[in-house]
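Shown next, in C-alpha cells, is the structure this report addresses.
The values are calculated or read from the model by the stated rules, or taken from the named source; none is laboratory data. Because the structure is predicted, anything quoted here is derived from the model rather than measured. Note that each Cβ is placed from the backbone with ideal geometry, even for glycine, and that neighbours are counted across all protein chains shown.
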Amino acid sequence: MRDATRVIRATLGEAKAGEPLHAGPVFAAPFHAAGDPVAAKYTYARSHNPTWSHLEAAIAALEGEGAGVRVFASGIAAEAAVFGAVLRPGDTVVIGEGIYFGGRQLLAERFVPMGVRVRAVKACELVAAEAVAGARLVWVETPSNPELEITDIAAVVRVAHEAGALAAVDNTTATPMGQKPLGLGADLSVCSDSKSMGGHSDLLLGHVATTDPQLLADLDRQRTLTGGIAGPMEAWLALRSLATLPLRLERSSANALAIAEFLAGREEVSGVLYPGLKSHKGHEIAARQMTYFGAVLGFTLASKEAAERFLEAAELITQATSFGGIATTAERRARWGHDGVAPGFIRMSAGCEDVGDLLADMERALDKSKE
C-alpha cells in the first residue's frame with residue numbers, strides 16, 4: 001500500500017455500524033479507572049489520551065514499518081524530549097551549524113549549563129568520522145532551514161553508529177511523506193507538525209518517531225514527567241489535516257519547483273535555493289533520499305529595501321514566519337538576526353494556489369522591487 005492511501009485510511013475511526021468515519025477529540029483529564037490502574041488503558045491525560053493514540057498511529061504509518069511515535073505540544077517540545085531523554089552531563093551532541101535556531105538556543109541555554117557539550121560543524125562535515133568522534137548524539141536537519149542544505153542521511157547514520165552515537169534527523173521541512181529517516185537507518189525522526197504536517201497554519205504540535213522500543217519508552221516517560229503534551233483539540237486538528245498531506249505536499253512541491261525555476265531566470269534574483277533544482281549542490285543526494293522536495297525555497301534580492309518592496313508589492317504572498325501552510329508565505333529572513341543570511345534573502349513557502357497566478361503576481365512584484 002502506498003503512503004497516500006495508507007495515511008488517509010489511518011485517519012479513519014473504527015469501521016463499526018453507527019460510528020462516525022472520523023472520531024472526534026476526547027476531552028478528559030482523568031478517566032474511569034477503578035481498581036488496578038494497570039488494567040485501564042487510559043487513566044490520566046498527562047500520560048495518555050485516545051486522540052493522541054489515533055494520531056500517533058497515523059503518523060507511524062507514514063514514518064515506516066516498525067515505527068513508534070509520540071506527539072508533543074510543539075516541534076521544540078519534541079526536540080527537548082529527545083535531548084532530555086538521551087543526553088546526560090558529560091555527553092557530547094554534534095549538530096550541523098545550520099540546524100533550526102530554536103534547537104541551537106535550547107541546547108546553549110538549557111543543556112550546556114547542565115554539562116552537555118555541543119559541537120557544531122558544517123553540515124557537509126557530519127559524514128566525517130572525526131567530526132562525530134566521542135558523541136552520544138548526532139543531530140542533522142535536512143533540508144535545513146532556511147538555507148536548504150542537503151545532508152546524506154545514510155552516510156551520517158553510518159559514521160554516527162560506528163562512533164557509538166545515536167543519529168537523529170529533524171525532518172520538518174520534508175515531512176515523513178517526503179523523506180523517511182528511519183528507513184535510512186536513523187534512530188530518531190523528529191518533526192514540527194506545526195508546519196506541513198498540520199498544513200493549515202492553525203496549530204502547534206510536534207512528534208518523534210523511532211523503531212527502538214527503549215527509546216520510545218524513554219520519550220514517553222520524558223513527556224509524562226515534563227508535561228509537554230498536546231491538547232486533544234490540537235491532536236484532532238492534526239489528524240484531520242494529515243489526510244490531505246499527500247495532496248498538499250504534491251501541490252506545494254510542484255509549485256515550489258515552478259517558482260524556483262522562474263526565479264532562476266530573473267536577473268534581479270540571485271542564489272535561488274531549492275533541492276529540486278538540478279543546479280542545487282545537494283540535488284543528487286536529495287533526489288536519492290527524498291520523494292518530494294518540499295514547499296520551502298529561498299532566494300536573494302539585491303538589498304533589504306528591494307526585498308521589502310517585493311514583499312509589499314506581492315498580492316498573493318502573505319508575510320509571515322513559519323512555513324508549510326496551504327497559503328503561500330514569505331519573509332525577509334535576516335530581520336530576525338540569527339541565521340547569517342544576506343539582508344535581501346527571502347525564505348518562501350509555496351502554498352497550494354494556482355501556480356499561474358503565483359508566478360504572474362511574483363513577476364509584477366519583482367518589477368516593482370526595482371523601482
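Below are the figures for this structure:
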item	result
Scope segment 105-135; condition under 18 Å from Thr151 (Cα atoms), assigned to a helix (DSSP H, G or I) and touching a residue at least 12 places away in the same chain (Cβ under 8 Å); matching residues	Ala123, Cys124, Leu126, Val127, Ala129, Ala131, Val132
Number of the condition not met by Glu56 [criteria: (1) part of a helix (DSSP H, G or I); (2) farther than 20 Å from Leu225 by Cα]	(2)
Those residues of segment 313-371 which are over 25 Å from Gly206 (Cβ atoms), in contact (Cβ under 8 Å) with a residue 40 or more places away in the chain and outside any helix (DSSP H, G or I), in sequence order	Ala314, Glu315, Leu316, Ile317, Ala342, Pro343, Gly344, Phe345, Ile346, Glu353, Lys370, Glu371
Count - residues of segment 226-254 that are within 14 Å of Ala73 (Cβ to Cβ) and out of contact with any helix residue (DSSP H, G or I) (no Cβ under 8 Å at 6 or more places or on another chain)	5
Count of segment 1-50 residues which are modelled with pLDDT under 90, surrounded by 10 or more Cβ atoms within 10 Å (Cβ to Cβ) and not in a loop (DSSP other than H, G, I, E, B)	1
Contacts under 6 angstrom Cβ, first residue in segment 266-282 being assigned by TED's automatic domain parsing to the domain that holds Ser303, partner among the β-branched types (Val, Ile, Thr) and modelled with pLDDT of 95 or more, 6 or more apart	Ser270/Thr300; Gly271/Thr300; Pro275/Ile150; Gly282/Ile150
Residue in segment 319-336 that is surrounded by fewer than 17 Cβ atoms within 10 Å (Cβ to Cβ), more than 17 Å from the chain's Cα centre (by Cα) and aromatic (Phe, Trp, Tyr) present	yes
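Residue-by-condition table, conditions (1) assigned to a strand (DSSP E or B); (2) surrounded by fewer than 21 Cβ atoms within 10 Å (Cβ to Cβ); (3) free of Cβ contacts under 8 Å to residues at least 40 places away in the same chain:
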{"position": "Met197", "(1), (2), (3)": "no, no, no"}
{"position": "Ser201", "(1), (2), (3)": "no, yes, no"}
{"position": "His207", "(1), (2), (3)": "yes, no, no"}
{"position": "Asp220", "(1), (2), (3)": "no, yes, no"}
{"position": "Ile229", "(1), (2), (3)": "no, no, no"}
{"position": "Ala235", "(1), (2), (3)": "no, no, no"}
{"position": "Arg248", "(1), (2), (3)": "no, no, no"}
